[in-house]
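The block underneath contains the structure these notes are about, expressed in structure tokens.
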Amino acid sequence: MRRSTSDYRQMRDFSKTPEPAGGTDPSASSGPLRFVVQKHDATRLHYDFRLELDGVLKSWAVTNEPSGEVGSRRLAVHVEDHPLEYGSFEGEIPEGQYGAGSVVIWDSGTWTPEGDPHRGLRDGKLNFELDGTIMHGRWTLVRFGQRDLKTARKDNWLLIKRHDEVAPRSVTGASKRRMAAITTPQLATLTATVPTGSDWWFEPKLDGYRLLARIENGKVTLSTRNGYDWTDRFPQIANALKTLPCTRAMLDGEVVVFDAQGVTSFQALQTALSDGKGAMVYIAFDLLHLDEWDLRQTPLSARKALLKQLLSESKDPLRFGDHLEDGGVDVLRHVCALGLEGVIAKQVSAPYVEGRTRTWLKLKCAQEQEFVIVGFTDPQGTRQGFGALLLATRDHAGDPLRSVGRVGTGFDRDSLRTLHKQLKSIETAEAANPDLESTSAAPGVHWVRPDLVAQVSFAGWTNDQQVRHAVFHGLREDKEASDVVMEIAKEATPSKRSSPSVRLTHPEKVLFPDPPVTKRDLADYWKKVAPLALPYMEDRPLSLLRCPDGIDQCFYQKHVGASAPDGLPTIAIAKGEDPYAMVQQVSDLVALVQWGTIEVHTWGSKAGHLDQPDQIVFDLDPAADVPWSAVLDGAEDLKARIEALGLAPFAKLTGGKGIHLVVPVVPGPDWDAVKLFARSLATEMAKAEPDRYTVTMSKAKRGGKIFIDYLRNDQEATAIAPYSPRARDGAPIAVPITWKNLLAERKTRPVFTIADVSRILRSHKRSHPWHDFEEARRSLID
């Protein structure tokens, strides 16, 4: 029988919304029953799950992204039937209309009911199978709680993922396709930020050789990422793969050797290959094909589930590459503490895509890269072979090689001898390009053809982009020298999540009384300054000053709990504690306003390196009787001391009576080391002029002096974020300022308020006071 969509039509004004009005004759629908899941960014982000039945789409609003993990449960609120045409709708529902917000198709395909679906809906338990791109296999919708008999809408159900029959045909998105003879593996993009959310899994980064394993009717081929056949180098692994219960398969994994501490070691792997004594293991972490099924378009969760089953009876030298499903920051911290190389973050719902992608992200504990060997130096003293390797890289593919320095440690007697022999065989009279000779020429230098690739770890970069304290780990025989380019960490993009429309409740509530600034005014302010503010706030743990009823009643909040706005990004700091809030886009700032936040204070480190600050903050906090001109003198004095150390301070008006000097640094030293550095500098200044400066917090001892507050350089200490309002009369804001403009205002302390936003935008968009902040970042340990 045909269901009515009258409720759907009564709730919408089709002269204003682009949604389809419907009207398809149910007899026009033929073939398999369709399903669709639409990601709906309305007042609350949710997923609309729709099943075609009787000429309409039976619809549920699912509160969180559906998960393919067996046993996962999602609250699904039964809503009005939608017309069939809605199954292909994507667009923006305008403000003022029911369900205002963006709609995109998240998944679609066909569904097959188990038994009578009408009876299942009536009795409150509907079993079915899905065949979509993301969702597949057996599912159940079950009603729970007391049903409202007056309406079939708004009753609560659970969407549950059931256990599937074990067969590759149950994997949605898999197509019958023969394996490609050569497949380029998926590669990870280096990032500095740990992605957050349930759609990311985390695997330890392995330090070995990446190999694709192809099984074809009992024959195994092991190929490097460049397509070289290395089967003969790993006969035990090839023989073990032949025993897997399949006719055809293609696995992705890495050959490794574990050292005595249980850590994968590239040097140990090279030794094992040369002397045949190491226990080499193949850790498989992905499955691209199984028998006749191409799995590359299926989600990672499905591929790994099949891979785990395929390897369930296997032992060394085959292992399943396991993962952790949440707490990426904690995973990275733990991995680094164990001495591992880093973490690979993988997007659970994403397909396998050849080449470098942003759905696999690489987070490193230490700096390590591949460099091209372009020369070597003569040995000194009793050393045999050579002294150091000359290294080079390219900024981009196709660029000429440029020098990045040399590496002279990490070799033993055998490696010095064998590598020197290889180098002599490719020695040339000239460097690979003339620029190398001008930057690396010195007595005793020998040039070589740029054929060999070295794996090198290092402490950081000098100001002229040379590696510091480099250590050689081995040759990358699986990498082409022509493919080597500079790896630069890019920010992870959990910001791929859409920007929700945040609804303000009580927008006319006055937060600042004189002049009056309402909740809506504050939200509008953040929307305007977000492009300027977010680069200095995003992906940092936040401490918040919340004033839900105005600035007369405020409280600080570090950890966020159940009352936090839906969709606000969070970051875990310590196990067993509630997370901190983060911001990544303008809607997050508006969500903070909705939550009653006035002031936003940021950590000095970001997700991905929480234990390693990337900025130092000195707060010049004058006593009440200190004139503004004396504060400026103190800022100039401290600026000169910082610059004498090769660092670059930037000035920020705090919205109060003081000045912040913010120093961008390269992450590396931990919080204790950075705090010690800041304390030493502040103490030295106070000792030099004790009548003007103090490092004592006690206000009773600050009379006539400026307190140089270095205590903001502690792990959970914070500083007011650039452009953040302050919960004070007049609605002042913290503003970056050039040294020229700051020092020109010697008579009166300049004050900027929310009302000045247009003037600030005109000035800072034309020439931002901190435009060279990132370029000025320097290491504390050069």
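Any cysteines in the chain with zero other Cys Cβ atoms under 4.7 Å from their Cβ? List them, or say none.
For the chain, the answer is Cys246, because their Cβ atoms have no other cysteine Cβ under 4.7 Å.
What spacing in nm lies between the two simple spin-label points modelled at His163 and Asp326, each 7 Å away from Cα in the Cβ direction?
About 2.4 nm, to one decimal.
On average, how much accessible surface per residue is there in region 284-437, in Å², for a 1.4 Å probe, leaving out ligands, DNA and RNA? Write out the running numbers ahead of the final one.
Numbers: 6920 Å² over 154 residues.
It amounts to 45 Å² per residue over region 284-437.
Subtracting the Cα-Cα distance from 0.36 nm times the residue separation, let me have the gained length for Ala260 to Asp54 in nm, one decimal.
Values: separation 206, 0.36 × 206 = 74.16 nm, distance 6.45 nm.
Result for the pair: 67.7 nm of gain on full extension.
For region 277-323, what does the alpha-carbon gyration tensor say about shape, rounded, prolate or oblate, given a ≥ b ≥ c as the root eigenvalues, a/c under 1.5 as rounded, and a/b over b/c as prolate? Kindly include the intermediate steps, with their values, before the conclusion.
Details: a/c = 2.31, a/b = 2.13, b/c = 1.09.
Prolate, since a/c reaches 1.5 and a/b exceeds b/c.
If the cut-off is 18 Å between C-alpha atoms, which lysines fall inside it for Lys558, apart from same-chain ones fewer than 8 positions away?
Lys575, Lys606
P(r) for region 332-484, please, calculated from all Cα pair distances in 10 Å bins and given in %.
10, 35, 33, 16, 5, 0
Over region 706-782, what relative contact order in percent results from Cα pairs under 8 Å that are six or more residues apart? Present the calculation step by step, with values, prior to reporting the outcome.
Values: 43 pairs, mean separation 16.9, N = 77.
The normalised contact order for region 706-782 reaches 22 percent.
So how far apart, in nm, are the two label points at Asp399 and Val353 if each is 7 Å from Cα heading toward Cβ?
The two pseudo-label positions are separated by 2.4 nm.
How high is the relative contact order of region 314-420, in percent, counting Cα pairs under 8 Å that sit 6 or more residues apart?
Working: 113 pairs, mean separation 16.3, N = 107.
Once normalised by length, the contact order is 15 percent.
Of all the accessible heavy-atom surface of the chain, with the other protein chains kept in place and a 1.4 Å probe, what percent is carbon and sulfur? The partial results should precede the final answer.
On the way: 17350 of 34910 Å².
Summing carbon and sulfur atoms, their accessible area is 50 percent of the total for the chain.
What's the FRET efficiency of Arg12 with Lys765 using the Cβ-Cβ distance as r and R₀ = 45 Å, to the nearest 0.05?
On the way: r = 40 Å, r/R0 = 0.88.
Calculated transfer efficiency: 0.70.
Calculate the FRET efficiency for Val510 and Thr184 from the Cβ-Cβ distance with a Förster distance of 56 Å, rounded to the nearest 0.05.
Details: r = 60 Å, r/R0 = 1.07.
E(calc), rounded to 0.05, equals 0.40.
Over the Cα atoms of region 569-623, what is the Rg over Rh ratio if Rh follows Kirkwood?
Details: Rg = 13.9 Å, Rh = 13.5 Å.
Over the Cα atoms of region 569-623, Rg/Rh equals 1.03.
For Thr428 and Ala366, what does the FRET efficiency come to when R0 = 30 Å and r is the distance between their Cβ atoms, rounded to the nearest 0.05? Could you put the intermediate results ahead of the total?
Numbers: r = 33 Å, r/R0 = 1.09.
Computed FRET efficiency for Thr428 and Ala366: 0.35.
How far, in nm, would the chain grow between Asp451 and Glu69 when pulled straight, counting 0.36 nm per residue and subtracting the alpha carbon separation? Let's see the in-between values first.
On the way: separation 382, 0.36 × 382 = 137.52 nm, distance 4.61 nm.
Result for the pair: 132.9 nm of gain on full extension.
Can you give the log10 of the normalised intensity I(q)/I(0) at q = 0.05, 0.06, 0.08, 0.10 Å⁻¹, computed with Debye over equal Cα scatterers of the chain?
The Cα Debye sum returns log10 ratios of -0.34, -0.49, -0.85, -1.18.
Expected output is a single nm value to one decimal: the length gained when fully extending between Arg520 and Ser4, i.e. 0.36 nm times separation in residues minus the C-alpha distance. What is it?
Values: separation 516, 0.36 × 516 = 185.76 nm, distance 4.02 nm.
Length gained between Arg520 and Ser4: 181.7 nm.
To the nearest whole percent, what portion of all C-alpha pairs in region 514-611 is separated by more than 21 angstrom?
Details: 1430 of 4753 pairs.
Distances greater than 21 Å cover 30 percent of the Cα pairs.
Considering region 28-76, what Rg and Dmax in Å follow from its alpha-carbon atoms?
Just the Cα atoms of region 28-76 yield Rg and Dmax of 12.5, 36 Å.
Assigning unit charges at the beta carbon (Lys, Arg +1; Asp, Glu -1) and nothing else, what dipole magnitude in debye, to the nearest 20, does the chain show about its Cα centre?
Details: 99 positive and 104 negative charges, 177 e Å.
Result for the chain is approximately 840 debye, rounded to the nearest 20.
So what does the Cα-only Debye profile of region 190-298 read at q = 0.12, 0.14, 0.16, 0.19 Å⁻¹, as log10 I(q)/I(0), no solvent term?
-0.49, -0.65, -0.82, -1.04
Taking the Cβ of Asp633 as the centre, find all other residues whose Cβ is under 14 Å away and add up their charges (Lys, Arg: +1; Asp, Glu: -1).
Numbers: positive: Lys639, Arg641, Arg692, Lys705, Arg746, Lys747, Arg749; negative: Glu636, Asp637, Glu689, Asp691, Glu745.
Overall, the nearby charge balance is +2.
If each of Leu416 and Glu313 carries a label point 7 Å out from its Cα toward its Cβ, how far apart are those two points in nm?
The answer from the label model is 5.2 nm.
Please give the per residue accessible area of region 639-747, computed with a probe of 1.4 Å over protein heavy atoms only, in Å². Let's see the in-between values first.
On the way: 4660 Å² over 109 residues.
Accessible area per residue, region 639-747: 43 Å².
In the P(r) worked out for region 3-96, what percent of Cα pairs fall beyond 22 Å?
Working: 1286 of 4371 pairs.
The answer is 29 percent, as a whole percent.
Eigenvalues of the Cα gyration tensor times 5, then square-rooted: what semi-axes does that give for region 595-644, in whole angstrom, largest first?
Semi-axes (√(5λ), whole Å): 28, 20, 7.
More than 18 Å apart: what percent of Cα pairs in region 633-716 qualify? Provide the component values of the computation, followed by the final result.
Values: 1526 of 3486 pairs.
So the portion of pairs separated by more than 18 Å is 44 percent.
Which entries of Lys205/Lys675; Lys205/Lys304; Lys527/Lys699; Lys205/Lys479 show an alpha-carbon separation above 27 angstrom in the structure shown?
Numbers: Lys205/Lys675 31 Å; Lys205/Lys304 17 Å; Lys527/Lys699 38 Å; Lys205/Lys479 17 Å.
Correct reply: Lys205/Lys675; Lys527/Lys699.
Could you compute how fast region 690-782 diffuses translationally, taking Rh as the Kirkwood radius over C-alpha pairs and applying Stokes-Einstein at 20 °C with viscosity 1.002 mPa s? Give it in µm² per second.
On the way: Rh = 16.4 Å.
It comes out at roughly 131 µm²/s.
Before anything else, pin down the relative contact order of the chain: Cα pairs under 8 Å, at least 6 apart, normalised by residue count, whole percent. Numbers along the way, then the final one.
Working: 1735 pairs, mean separation 68.1, N = 782.
RCO, the chain: 9 percent.
The values are calculated or read from the model by the stated rules, or taken from the named source; none is laboratory data. Quick caveat: nothing in here was measured; it's all calculated off a predicted structure. As a convention, Cβ positions derive from the backbone with ideal geometry for all residues, glycine included, and neighbour counts pool all protein chains shown. Side chains are part of the model used for accessible areas, which takes the heavy atoms of the whole protein and leaves out ligands, DNA and RNA. Shrake-Rupley method; radii C 1.70, N 1.55, O 1.52, S 1.80 Å.
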